[in-house]
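The values are calculated or read from the model by the stated rules, or taken from the named source; none is laboratory data. All values derive from a computational prediction rather than experimental measurement. Cβ placement follows ideal geometry from the backbone for every residue including glycine, while neighbour counts extend to all protein chains displayed.
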Amino acid sequence: MLDSVLEKNRSYLQNTDSEVYDALIGEEKRQKNGIELIPSENFAFPEVLALLGSAFTNKYSEGYPGRRYYGGQQFTDLIEELARERAKKIFRAEHANVQPLSGSPMNQAIYHAYLKPGDTVLGMELSHGGHLTHGAPVSHMGKIYNFIRYKTVIKKGGIIDWDEVEDLAYKHKPKILLCGHSSYPKDLNYKKFKEIADKIGALTMADVSHIGGWIATNHLNNPLDADFDFMTTTTHKSMRGPRGGLILSKKEHSKKIDSSIFPGLQGGPHMNQVAATAVTMKKIATDEFKNYAFDVLNNAKKLAKELLNEGFDLVTGGTENHLIVINTVNSVGLDGKIAEQMLDDFGITTNKQVVPDDPNPPLRPSGIRIGTPAVTTRGMGEKDMEKIAKWISVILKGKENFRSLSDLNNEIENFSKEFNLPGI
Ligand SMILES: Cc1ncc(COP(=O)(O)O)c(C=O)c1O
């Protein structure tokens, strides 16, 4: 019966708009036949996909449970409460806001709540691992607020330069000390950030968008255990949830955060996404997800080891989380744009990536970024990481000349097709 509803919806789409329908089928095939190594991507839980295309899509729910600007909220109130309570429990947070439409608005909501234009934030330099929303000059946030940046020490295996963080903190007296990253392959010492922030009276914020799932399972450190004021995370990467954001904070910040999201920054929350977040919080609390998180991290270590054996230069020399940054210029004399394209041609999807203090521009950077969440979701394990490392090596070193290109293409496609694609 359920199958027939889904089938019916699909056949409406096919009849109404064959161009969009064909693109959907093409994308499904691409995902099924290829190896997805972009570290911020994953395959959403089937339950999440069911809710995203559900009746909750139709509902307007401006406000918060019990305080909405529209009627008919008996079920939306219920799911938002469930999402908030489950998120609080799993992350050991005093307060949760589950309405941010995605990662960018979730970070903006905190800045707008606690900063005035021109106020200072101390965050991680983009090329060393920080994110666009941590004040990159091209972002609106970078124009409104004064972002100062700390770096890592490349010679010491990419550890955070604590002396620099402390010096910059004393010099610039930031209102917020920000940590978190999108291309830094290490766990963070949140206690150390908190100690420095306390010395200058700064608020502490960790954007754990890439690693929220591994924090939920206690495989990586939780900033809230170090008494951070705010932790933000997207829900669609490591957690296999809907595209969206979560703000977790101390109770004392709850009013300011909630009103900064609504009515400050957003209108109606996407209740299909909030419902999917509720079920995601239930799924990531299971032993099954805990084992999955372990496998992701294990696969990343194995992939890094195999790439090192193949002679690749990895930023920080390896990984402590799910992601790996390869300096392709140092390794094989190719910039990240070319390396990304070459791998794409064989169905291996990665993304170009700046490396610390990259002399090259962001669209032609010196590396690529890869990660293991999506391949692990499909059931790949250590032996498969060996194969993937070999393929990356063969393709980027140009050794595919040894056999026909189509042989290698077929080998990768046949390998990928063997693995389940959840929900699709
Ligand atoms: C650390 C970090 N913060 C924020 C974001 C922004 O999330 P979104 O793309 O959902 O706006 C990302 C996304 O890549 C991220 O890696």
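Results, tabulated for the structure shown:
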read-out: Members of the stretch 215-249 that are closer than 26 Å to V279 by Cβ, touching a His at 6+ places or on another chain (Cβ under 7 Å) and not in a strand (DSSP E or B); value: K237, S238, P242, R243, G244
read-out: Where N33 falls short, out of the listed (1) away from the ligand (no atom under 16 Å from the Cβ); (2) assigned by TED's automatic domain parsing to the domain that holds R240; value: (2)
read-out: Subset of the stretch 132-144 [assigned to a loop (DSSP other than H, G, I, E, B) and surrounded by fewer than 15 Cβ atoms within 10 Å (Cβ to Cβ)]; value: P137, V138
read-out: Test: residue in the stretch 80-93 that is within 15 Å of S209 (Cα to Cα), of a type outside the set (D, E), at pLDDT 95 or above and buried (at least 19 other Cβ atoms within 10 Å of the Cβ); value: yes
read-out: Odd one out for R243, checked against (1) surrounded by 20 or more Cβ atoms within 10 Å (Cβ to Cβ); (2) within 11 Å of the ligand (Cβ to nearest atom); value: (1)
read-out: Members of the stretch 138-155 found to be away from the ligand (no atom under 16 Å from the Cβ) and under 21 Å from the mean Cα position of the chain (by Cα), listed by number; value: K151
read-out: Test: residue in the stretch 109-128 that is at pLDDT below 95, on the phi > 0 side of the Ramachandran plot, crowded, with 22+ Cβ neighbours inside 10 Å and assigned by TED's automatic domain parsing to the domain that holds D258; value: no
read-out: Residue that is nearest to the ligand (Cβ to nearest atom), among those in the stretch 94-108 that are part of a loop (DSSP other than H, G, I, E, B) and surrounded by 24 or more Cβ atoms within 10 Å (Cβ to Cβ); value: P100
read-out: Residue that is at pLDDT 95 or above, touching a strand residue (DSSP E or B) at 6+ places or on another chain (Cβ under 9 Å) and away from the ligand (no atom under 16 Å from the Cβ), where the choices are D225, D258, D287; value: D258
read-out: Of residues in the stretch 171-213 being assigned to a loop (DSSP other than H, G, I, E, B) and among the small types (G, A, S), the one farthest from T377 (Cα to Cα); value: G201
read-out: Residue match in the stretch 145-152 (condition: in the same structural domain as N107 (by TED's automatic domain parsing), in a helix (DSSP H, G or I) and either of a type in the set (V, I, T) or surrounded by fewer than 24 Cβ atoms within 10 Å (Cβ to Cβ) (or both)); value: no
read-out: Any pair with Cβ under 8 angstrom, 6 or more apart, that starts in the stretch 1-23 at a residue that is among the β-branched types (V, I, T) and ends at one that is assigned to a helix (DSSP H, G or I); value: V20/L13
read-out: Selected residue [in contact (Cβ under 8 Å) with a residue 12 or more places away in the chain, within 16 Å of the ligand (Cβ to nearest atom) and not β-branched (V, I, T)] from H219, H181; value: H181
read-out: Test for P269: is it more than 20 Å from the chain's Cα centre (by Cα), surrounded by 24 or more Cβ atoms within 10 Å (Cβ to Cβ) and not in a strand (DSSP E or B); value: yes
